[in-house]
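Data block below; observations after.
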Amino acid sequence: KGLPRPHAVLAALAARLVDRPVKVAVTRQQMFTLTGYRTPTIQRVRLGADADGTLTAIAHEVAEQTSTVAEFAEQTAVVTRMMYAAPNRRTSHRVVALNVPTPSWMRAPGECPGMFALESALDELAVACNVDPIELRIRNEPEIDPESGNRFSTRNLVACLREGAERFGWSERAGPGSRRDGRWLVGLGVASSTYPARRAASTAYARAEADGTYTIRITAADIGTGARTVLTQIAADTLEAPLESVRVEIGDSDF
C-alpha cells in the first residue's frame, strides 16, 4: 500500500510481456518479506500534571526500525503534539536501520501505535490523580491547536466523550472486576483518537459538450469511498448544472 513493492513491479512487467492481466500471489511466509509490515516501535511517554490532573508537560519519544535498503518512518508521536493542552511538550522520532525487510503502511495511519501509548498513559495518570478518565481528558482539552496556535475549524472530542459516556452507562462504572455477565468480567474503558486528513493542491479539466453536458477529468482515484459521487456533486454545484448533466472521469493515467 502506497509504495511500489517488488511483487507489484513484477506483476506490471509480466503484464506488459504477455499483454494481458497478471496476478502475482505470494505465500504467507513471503508476505512478511515482500509486502511490508507495521514497523515495531519503542515508545517512552512521560506526563507531568498538577494534583487535579491538569497537564503541565508531555514527552513522547519513539524509536522505530527500517531496513538498510530504504528508509521508512511512521509519524507515531505526531498526534501527541495536538491531542491535549500542555505548556511544555516534546516529541521525537528516531529511525534505526536494521538488516530487516522494509516496513510499510498497514492500512494506515502511522499515528495509531502512538495513540495507543498516549491514551494508555492518560489512563495511568487518571489513576494516579484519582480523576475520572473522561473528566481528565476534558480538563486537558486544548482551546487552540497547541502545535500551530491556530483555531480548530471543528473539534468535537468533548461532545463525543460525553455522548459516549451517556450511551455506555459510564456513570455506573465501578472498579475492576465489579461487573459480570455470567462467567464473563465486563469492563468499561475510554480512549480518544484522531485521524489525519490532509489536503493538497489539485487540478481538473472541464469541457462543455455540444449536447449541453459537461465532462470533468481529474487524476483522482475511487477506492470505494465515493470519490466519483462527491466530485460529481462538487462539479455540478460549481457549474450550477444538474447532476445528470455532469460526467466525471477519474483513474486514468492519461489525465
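Taking residues in segment 113-124 that are open to solvent by less than 20 Å² (accessible area, probe 1.4 Å), and partners anywhere that are among the hydroxyl-bearing types (Ser, Thr, Tyr) and part of a helix (DSSP H, G or I), the pairs with Cβ atoms closer than 6 Å and at least 6 places apart or on different chains are Leu118/Thr80. Considered as a group, the residues in segment 60-101 that are open to solvent by less than 10 Å² (accessible area, probe 1.4 Å), in a strand (DSSP E or B) and not small (Gly, Ala, Ser) include one that is farthest from Phe116 (Cα to Cα), and that residue is Thr66. The lone criterion from (1) open to solvent by 50 Å² or more (accessible area, probe 1.4 Å); (2) farther than 29 Å from Glu74 by Cβ; (3) of a type in the set (Val, Ile, Thr) left unmet by Thr154 is number (2).
Mind counting the residues in segment 97-128 that are hydrophobic (A, V, I, L, M, F, W, C), over 20 Å from Glu61 (Cα atoms) and at pLDDT 90 or above? Residues flagged as hydrophobic (A, V, I, L, M, F, W, C), over 20 Å from Glu61 (Cα atoms) and at pLDDT 90 or above within segment 97-128 amount to 4. Of the residues making up segment 233-254, those that are open to solvent by less than 70 Å² (accessible area, probe 1.4 Å) and either of a type in the set (Gly, Ala, Ser) or in contact with a Ser or Thr (Cβ under 7 Å, 6 or more places away or on another chain) (or both) number 8. Within segment 133-151, the residues that satisfy the criterion of being open to solvent by less than 60 Å² (accessible area, probe 1.4 Å) and in a loop (DSSP other than H, G, I, E, B) are Asn140, Glu141, Pro142, Asp145, Pro146, Gly149. For first residues located in segment 185-211 and over 21 Å from Ile234 (Cα atoms), partners that are in a loop (DSSP other than H, G, I, E, B) and open to solvent by 90 Å² or more (accessible area, probe 1.4 Å) and lie 6+ apart or on another chain with Cβ distances below 9 Å form the pairs Leu185/Pro176; Gly187/Arg173; Gly187/Pro176; Leu188/Phe168; Leu188/Arg173; Val190/Phe168. Looking only at residues in segment 202-232 that are of a type in the set (S, T, N, Q), under 28 Å from Arg107 (Cα atoms) and open to solvent by 30 Å² or more (accessible area, probe 1.4 Å), the one that is modelled with the lowest pLDDT is Ser202.
Can you spot a residue in segment 15-24 that is part of a loop (DSSP other than H, G, I, E, B) and within 30 Å of Ala121 (Cα to Cα)?
no
Restricting to segment 1-53, what's the tally of residues that are open to solvent by 50 Å² or more (accessible area, probe 1.4 Å) and of a type in the set (Ser, Thr, Tyr)? Of the residues in segment 1-53, 2 are open to solvent by 50 Å² or more (accessible area, probe 1.4 Å) and of a type in the set (Ser, Thr, Tyr). Restricting to segment 149-176, and then to whatever is free of Cβ contacts under 8 Å to residues at least 24 places away in the same chain and among the small types (Gly, Ala, Ser), can you tell me which residue is farthest from Gly189 (Cα to Cα)? Here the answer is Gly149. For Leu136, indicate whether it is among the aliphatic types (A, V, I, L, M), farther than 20 Å from Arg38 by Cα, in contact (Cβ under 8 Å) with a residue 60 or more places away in the chain and touching a helix residue (DSSP H, G or I) at 6+ places or on another chain (Cβ under 6 Å). So Leu136 fits the description; yes.
The values are calculated or read from the model by the stated rules, or taken from the named source; none is laboratory data. If you're wondering where the values come from, they're calculated on a predicted model, not measured in any experiment. In this analysis, Cβ positions are derived from the backbone assuming ideal geometry, glycine residues included, and neighbour counts consider all displayed protein chains. Side chains included, ligands, DNA and RNA excluded: accessible areas come from the protein's heavy atoms. Shrake-Rupley method; radii C 1.70, N 1.55, O 1.52, S 1.80 Å.
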